1. If you build the Cα gyration tensor of the range 267-373 and take the root of 5 times each eigenvalue, what three semi-axes come out, in whole angstrom, biggest first?
2. Report the Stokes-Einstein translational diffusion coefficient (µm² s⁻¹, integer) for the chain, Rh taken as the Kirkwood radius over Cα pairs, at 10 °C with viscosity 1.306 mPa s.
3. Exposure proxy check: Asp247, Asp51, Asp455, Asp197 ranked by fewest other beta carbons within 10 Å?
4. At a Förster distance of 25 Å, what's the computed FRET efficiency of Lys386 paired with Thr356, Cβ-Cβ distance as r, to 0.05?
5. Under the definition of Cα pairs under 8 Å and six or more residues apart, what whole-number percent is the relative contact order of the chain?
6. Which whole-number percent gives the relative contact order of the range 135-184, counting Cα pairs below 8 Å spaced six or more residues apart?
7. Summing +1 for each Lys or Arg and -1 for each Asp or Glu, what net charge is found among the other residues whose Cβ lies under 11 Å from the Cβ of Pro441?
8. If we count every other residue with Cβ under 13 angstrom of Ser70's Cβ, Lys/Arg +1 and Asp/Glu -1, where does the sum land?
Amino acid sequence: MRNQNLFVALRAAFPADLDATAVETDNGLCYSWRDLDRATAMVANLLQSLDIAPAADGVPPRVAAQVEKSVEAMILYLATLRAGFVFLPLNTAYQSAEIEYFIGNATPAVVVCGSKNFNWVSKIAFRAGTRHVFTLDDDRTGSLLERAARHGDQQTPAHKGADDLAAIVYTSGTTGRSKGAMLSHGNLLSNAAVLKDYWDWQPGDVLIHALPIFHVHGLFVAIHGALLNGSKMLWHGKFDPKRVIADLPRATVFMGVPTLYVRMLAEPGLTQAQAAHMRLFISGSAPLLIEIFNDWRTRAGHTILERYGMSETIMLTSNPCFPDARYGNQSERRGGTVGFALPGVSVRVRGEDDGTGGQPLPVDEIGGIQVKGPNVFSGYWQMPEKTHEEFTADGFFKTGDVGKLDERGYVTIVGRSKDLIISGGYNVYPAEVEGYLNEMPGVMESAIVGVPHPDFGEVGVAVVIAKPGAHLDADRLIAQLKAKLANFKIPKRCFIASELPRNTMGKVQKNLLRVQYQRLFQAA
Ligand code: MCA
Ligand code: AMP
């Protein structure tokens, strides 16, 4: 049977000239395609040489990585695929309680972390039974590379079927702990192949990569897109609007969350002349405001292509690259919509879930968005009941997003049935943060709501109620939260109130809090 390892497909797309530049970094380094091939072979050989007991359930070893963005971090991801192991990317903002949960839940055989975190991360990992902890920093140092340097630069990619597990991506839950979405080689490759076609990747395309590589957008959509097209990447370690704008004349494709577009629009250097060489600007991970969509058209002279996806499904819908022949100019990129279901993906909108998955709804009616396709994950790591709950009897995944489909098939997202805040493209689940707040001394209860924010799109605001007789200090609560949770999850403001609004059933009316605080950041 053909080897369906995703790495094999990516490697096959490398250009014939292996000495051409594959990645150019913002600190002046160049990596050739040959460098990527050799380095992934060396790291894959290292992984395969480790003394790891085979798992009774046959699941390949997991490699968890909490490392700063670097080309070597991307090489670690590709090497993990190449070795046939399973990659588990972790946001660098996660703190010890979060890391303890992920490592305890996924029981990785290998953990890779920044050298400044080695002491506490290795303690957590060793306690959880991980025997191999390496370091990797963003300046090409660390024990991972030192050890890999002792291995050969030839390696035969592990043989994989389409359904074999390639990555576990953790997404927070509306209740309880984070869930690990299990993505297979087939999920990732089918999506990448569809996007190559749909976004019309062309010879000579050059991608500006300025997103973090521990989430689906930067790790899969951007990297797979460039590699599967044999395209060079201009690699930005950290997003800096000025530096991205400076690179536009050398590039053709850019992918960003809406906050990146907002920040670039604030730069006088963004002009139509500067963006003239670009072919495609893509936005996703959070709603793109129509004002930003329109401003970008005027200032950069391009129409942003907005698309929609999830960690569990990778990309689901996209506005078209070109008008669809069936609809002529009626099928252009439409601001405020996330476009059409991608080829091979089924998207439907259903009414209230009555246990049957919900009734079909007519065109333009708002309901729950459900999806099916070769890109959709197989389930949550070791959570069969959760997996069962999130799928309908006929195999559609309930996204938790609320939206509608028009008669041409454009999908518009109007809200979410899940209590989720998307801040600068990162997901924050209020239930998780409220859980931490509620455990703090003197706190009786709390509610966190998302409110509009000019930079991050949406941010969390906390309303906290003190126990009788207790005195609470909002700044102290925020400081205490910062010590426990990733920084992007911290509410941007905290208010101490005497009570929370409740309906007759006693449920907190978050909609009222959202209205109360909706203008909080308007003038910011
Ligand atoms: C940083 N801060 C944030 C965020 N980022 N607060 C809320 N939301 C955020 N996203 C806070 C920090 O805690 C800090 O607060 C202050 O802002 C400045 O931090 P700094 O690190 O300097 O911020 P930055 O480097 O400018 O980061 C902003 C950013 C970043 C570049 C917009 O958030 C980012 O790269 N976002 C992209 C996320 C992404 O790739 N999402 C894709 C997920 P303090 O000073 O108080 O400590 S994949 C997905 O959603 C699906 C599948 C899809 O469809 O793509
Ligand atoms: P994640 O859990 O990080 O994979 O985030 C997935 C969620 O991001 C989706 O369920 C949507 O709520 C949201 N999302 C992604 N792309 C878009 C978009 N273009 N517009 C609105 N929401 C989006």
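Quick note: the coordinates plus some simple rules give every number you see, no bench work behind them. Computed from a prediction, not measured in an experiment: that's the story for all the values here. Here the Cβ is made from the backbone with ideal geometry for all residues, glycine too, and neighbour counts use every protein chain on show.
1. Rounded to whole Å, the semi-axes are 31, 15, 13.
2. Translational diffusion coefficient: 66 µm²/s.
3. Final ranking by Cβ density, sparse to dense: Asp51, Asp197, Asp455, Asp247.
4. For Lys386 and Thr356, the calculated efficiency is 0.85.
5. After rounding, I find 11 percent.
6. 24 percent
7. +1
8. Here the count lands on -3.
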